[in-house]
Amino acid sequence: MLQTTEFALLRRVAAEQAERRAPSLAAAVVRGQDLLWTGARGAVDGAAPTTDTQYRIGSITKTFVAVLVLRLRDEGRLDLNDPLDKHVTGTSFGHLTVAQLLSHTAGLTSESPGSWWERSVGDDWPALMESMSGEPARHRAGERFHYSNVGYGVLGQLVAELRGMSWLSALTDEILSPLEMTRTSPMPAAPHALGWAVHPYADVLMPEPTPDAGAMAPAGQLWSTVADLARWVRFIGGDTGEVLHPDTMAEMRFPAAVEDGAAWTTGYGLGLQVWRADGRQYAGHTGSMPGFLATVAVDATTTTGALALTNTTAGVGVSALTFDLIKLVDDYEPALPAEWSPQSSVPAGLLALTGEWFWGPTPVVLRLLGDGWLDLRPANGAGRASRFRPVREDEWLGLDGYYAGETLRLHRHADGSPRHLDLATFIFTRTPYDPAAPIPGGLDKGTWPIEG
């Protein structure tokens, strides 16, 4: 990167560390598959932290648990609308759905009953469920967003029961090993930072405990490094390798609930926080445990993302820092558009589908994209537009916009030539109100006034 860009990034990190009195602060910026920049201030064991220094990442753990759940869904082992008790029996809230637990819309209490779990040695699953045997609901299921750490303890148990192993073993086998995230673990392994509380009125430190959270561990147990989390930022941005289909990751990033109402600056998808700031939308997660703060975030549109890790209980604005790092890079060194090049060939018959079609009297344009994808949008550029991915012969699946999830089907004449397109009962024909096509064409009684 340009020296001016690197200095601006380091200056932002240095200011945060100094002004907010962080014992240490490490950060990184990624774009696409590249780790563009790393920087650190402060000290761990008397030296500057490196990309291999572990920090506790708190609730970023939830993103890993959510990916394990979505992998089960993609395998057909569960449906997101399944009630919990279809897979995990013996709870007092078995009617809640998997999707509600993932998106914090189940209405469950935010914390497990008893001693504050983040500073206490955790109990096992039966003890957690016993503590939740009373009235764990705080809101009607589906009513609103209500962040629930205990909900992710439940999802960790869901993974364990369907996989026949602990959620940590599933995490290692299905995510960490394939992505070569060898420095992400449930307990710290040297070199690692110690967690500190910074006195609010004096420059002195007090050590914070880091107990095993037991059944609540899926809510915030993991430790990781700048190097490993840079890979995870890429993952959230869509570089999912063989671990998860990119469409599933896009589904996880889609907002399921808004946290702050009409302002809509923060919300939640399926295991991911989503934010809107400066005309951008980010996805990722924050993390907070005694002695540690962390954030990972990525703008999936530009694939530019960032992360920040610090070993203090409070006071450092890691989320704002992360967003600023992304914005600095995209402002100083915006990504170049992908170079256009012609296709060597196109699938047989698809070229004949391109061009102008009509929904009633309204012209739309169908364009052919790479890999047999289609783009359908109004001819005037305003209105419902979607891209479609081929799923089988003469069928495409809507990926975005109004028609996301809907199927576009091509109907042909007896000789095989294109007749009309059917998109969720919307019929598109080559001429306005084609009398030979279904409604809005020939099945009504209107005709154009044509002489002769």
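The values are calculated or read from the model by the stated rules, or taken from the named source; none is laboratory data. Just so you know, these numbers come straight off a predicted model, no measurement behind them. Here the Cβ positions follow ideal geometry from the backbone for every residue, glycine too, while neighbour counts run over all protein chains shown.
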Of the criteria (1) out of contact with any Ser or Thr (no Cβ under 7 Å at 6 or more places or on another chain); (2) surrounded by fewer than 19 Cβ atoms within 10 Å (Cβ to Cβ); (3) farther than 29 Å from GLU208 by Cα, which one ASN81 fails: (1)
Just name the residue that is nearest to the chain's Cα centre (by Cα) out of those in the stretch 255-273 that are hydrophobic (A, V, I, L, M, F, W, C) and surrounded by 16 or more Cβ atoms within 10 Å (Cβ to Cβ). LEU272
Residues that are free of Cβ contacts under 8 Å to residues at least 60 places away in the same chain, in contact with a Lys or Arg (Cβ under 7 Å, 6 or more places away or on another chain), crowded, with 17+ Cβ neighbours inside 10 Å and farther than 23 Å from ALA283 by Cβ: does the stretch 85-107 have at least one? yes
Please go through (1) of a type in the set (A, V, I, L, M); (2) within 22 Å of ASP123 (Cα to Cα); (3) surrounded by 17 or more Cβ atoms within 10 Å (Cβ to Cβ) for VAL226 and return the number of the only condition it doesn't satisfy. (2)
Go over the candidates LEU78, LEU101 one by one and state the one that is at pLDDT 95 or above, in the same structural domain as TYR147 (by TED's automatic domain parsing), part of a loop (DSSP other than H, G, I, E, B) and touching a helix residue (DSSP H, G or I) at 6+ places or on another chain (Cβ under 8 Å). LEU78
Identify all residues within the stretch 158-203 that are crowded, with 18+ Cβ neighbours inside 10 Å, assigned to a loop (DSSP other than H, G, I, E, B) and in contact with a Ser or Thr (Cβ under 8 Å, 6 or more places away or on another chain); write none if there are none. MET181, ARG183, THR184, ALA193, GLY195
Leading residue by the ranking (nearest to the chain's Cα centre (by Cα)) among those in the stretch 397-439 that are under 19 Å from ARG367 (Cα atoms) and of a type in the set (S, T, N, Q): THR407
Residue count, the stretch 346-367 (criterion: modelled with pLDDT of 95 or more and farther than 20 Å from ASP434 by Cβ): 1
Test: ARG140 is at pLDDT below 95, out of contact with any Cys (no Cβ under 8 Å at 6 or more places or on another chain) and assigned by TED's automatic domain parsing to the domain that holds ALA217: yes
With the requirement that a residue be of a type in the set (Asp, Glu), within 23 Å of VAL30 (Cβ to Cβ) and touching a Ser or Thr at 6+ places or on another chain (Cβ under 6 Å), what does the stretch 211-268 give you? ASP228
Which residue, of ASP299, ASP375, is at pLDDT 95 or above and more than 19 Å from ARG409 (Cα to Cα)? ASP299
Within the stretch 108-121, the count of residues that are part of a helix (DSSP H, G or I) and surrounded by fewer than 24 Cβ atoms within 10 Å (Cβ to Cβ) comes to 2
Looking at the stretch 21-36 only, could you name the residues that are in contact with a Ser or Thr (Cβ under 8 Å, 6 or more places away or on another chain), at negative phi and part of a loop (DSSP other than H, G, I, E, B)? ALA22, PRO23
Which of (1) closer than 28 Å to PHE254 by Cβ; (2) under 28 Å from the mean Cα position of the chain (by Cα) does GLU339 not meet, given it meets every other one? (1)
Which of (1) out of contact with any Lys or Arg (no Cβ under 9 Å at 6 or more places or on another chain); (2) under 18 Å from ARG183 (Cα atoms) is the odd one out, the single condition PRO246 does not satisfy? (2)
